[in-house]
Structures are given as C-alpha cells and as structure tokens.
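Trainee: The structure's right below; bear with me while I get my questions together.
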C-alpha cells in the first residue's frame, strides 16, 4: 500500500505517474503538446473547462499550438497558480514533475485537473474507455537542498534512457552526444534551463539559488551522467 503524503506549502515534491500496465500515454507529438498545454492551463486557481473540446470547437489543432505552449511572453490574463512547476520530463509511458504547492491542496488540485483532463482527452481522441494511469500519482517530499539539486538532474537526465539503455549502470560514454540529445528533446524542461528566456510553464527562480550560471548547471549534469551514479535515497518513484 502506498504511503499517503501530506503536502505542505513551500516544500518541494517529486511527482510521478505512468500508464496502466506501463502502456504508452503519449502516442505522438499532439499528445505531448496536449499534456504541456495542461501543465500551463490547469495551473490556475480559476476553473477552466475541457481544453480538448474548447480547441475542437475553435477548430484549432494542438500541433499548431506548439509555439504558444513554448512561448515566453506574459499571458494576457495573469494566473493565480496552484503550484510552481520547477521541472518536468515526459516519456512515452510516464512523466516526472518537480512541484512546489503555493496554496492549500495546490498539488492535489492541480494533479487532479491535469490527470483527469489528459485521460479524458486521450480516451476521447483514441475512442477508448477505462483508466489511463496505473493509479493515483505518486509523490515524495524533497527534504534537503542537495536532494533538490540531485532530483532536478535525475528528472532532466531521464531521457538518456532513449539514448543508452544502460547509462545508469555504466555512465555515459559520449557526453557531447548526450548533451546534444538532451538539448533537442522537446518534452523536457531541460532546454528551458539552457535558455535565457522565461517560460509560461516553468518557474526558474530556483535556478539562480542552486547554480551560479548555465555552465555550472551543465557541469552538474555531466558529473552524474559520466561517473558512478549515487543513490536517490528514496526520491525515485519508479
């Protein structure tokens, strides 16, 4: 039985979920974009309706929304966010988030909207029924700054599983190749941390507290990826 966790404001939490029976939850770019749209739109105290039905009525497809999802300019109607989203990584059958609740029940409310909204979209689009995720999202409290830094790179380096399946055991042999792969992977917030621009999804305020500059961040990633990998000490949820 999974341990229940009490979320406290201004603490950090590793959030994770995956498809039922480890099935894929993202089948193409449109699915990834819809999930990112959910990260942006559902992170608001105000309640919104179905993103999918709204875009369908407006005859807008999610592929055309890509520039709007990733753009950095301020939204026309400022939001009151439920959480700070510090980083994310979306893989074909699971996702990782690093969140900080800003309101009481902020994480629970945000994840309920995000999970239900995406599952409804997925079932409608692919004409299926039943649960999409293997269960409620999982969460673990990040207790120290050192854990926070380690989790940030753990989440961003997750995509290297697509490049070298055994990199966690043996380390990355060609870091330049891995670095290029990370930079070009669209479904992670890593490129946001490499950019000087702001993001409508990611709050990068923590970046300057943890790293002196982008090079120190990249060196921090490399240090873990090419050497013996330390334990996550309970932060991993996979």
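Trainee: Please go through the stretch 161-177 and give me each residue that is touching a residue at least 40 places away in the same chain (Cβ under 8 Å) and touching a helix residue (DSSP H, G or I) at 6+ places or on another chain (Cβ under 6 Å), ordered by number.
Mentor: Answer for the stretch 161-177, where residues must be touching a residue at least 40 places away in the same chain (Cβ under 8 Å) and touching a helix residue (DSSP H, G or I) at 6+ places or on another chain (Cβ under 6 Å): 167, 172, 175.
Trainee: Looking only at the stretch 219-238, how many residues end up being in contact with a helix residue (DSSP H, G or I) (Cβ under 7 Å, 6 or more places away or on another chain) and at pLDDT 85 or above?
Mentor: Counting residues in the stretch 219-238 that are in contact with a helix residue (DSSP H, G or I) (Cβ under 7 Å, 6 or more places away or on another chain) and at pLDDT 85 or above gives 3.
Trainee: Here are some residues: 36, 27. Which one is buried (at least 21 other Cβ atoms within 10 Å of the Cβ) and either in a loop (DSSP other than H, G, I, E, B) or at negative phi (or both)? First the steps, then the outcome.
Mentor: Working: 27 fails: buried (at least 21 other Cβ atoms within 10 Å of the Cβ).
Going through 36, 27 in turn, just one is buried (at least 21 other Cβ atoms within 10 Å of the Cβ) and either in a loop (DSSP other than H, G, I, E, B) or at negative phi (or both): 36.
Trainee: Among the residues of the stretch 169-181, are any part of a helix (DSSP H, G or I), within 18 Å of the chain's Cα centre (by Cα) and modelled with pLDDT of 95 or more? Write out each step before concluding.
Mentor: Filtering the stretch 169-181 down to residues part of a helix (DSSP H, G or I) leaves 169-170, 175-181.
The next check asks that each one be within 18 Å of the chain's Cα centre (by Cα); those that pass are 181.
Next, from what is left, pick out any that are modelled with pLDDT of 95 or more: 181.
Yes: one or more hits.
Trainee: Same structure again: Which of the residues spanning the stretch 1-22 are surrounded by 13 or more Cβ atoms within 10 Å (Cβ to Cβ) and more than 27 Å from residue 150 (Cα to Cα)?
Mentor: The answer is 20, and nothing else.
Trainee: Step by step: first the residues of the stretch 185-199, then only those that are touching a helix residue (DSSP H, G or I) at 6+ places or on another chain (Cβ under 8 Å) and assigned to a helix (DSSP H, G or I), then the one that is surrounded by the fewest Cβ atoms within 10 Å (Cβ to Cβ). Which residue is that?
Mentor: Restricting to residues being touching a helix residue (DSSP H, G or I) at 6+ places or on another chain (Cβ under 8 Å) and assigned to a helix (DSSP H, G or I), the top hit is 194.
The values are calculated or read from the model by the stated rules, or taken from the named source; none is laboratory data. Note that this is a predicted model, so its numbers are computed, not measured. Virtual Cβ from ideal backbone geometry, glycine too; neighbours counted across all protein chains shown.
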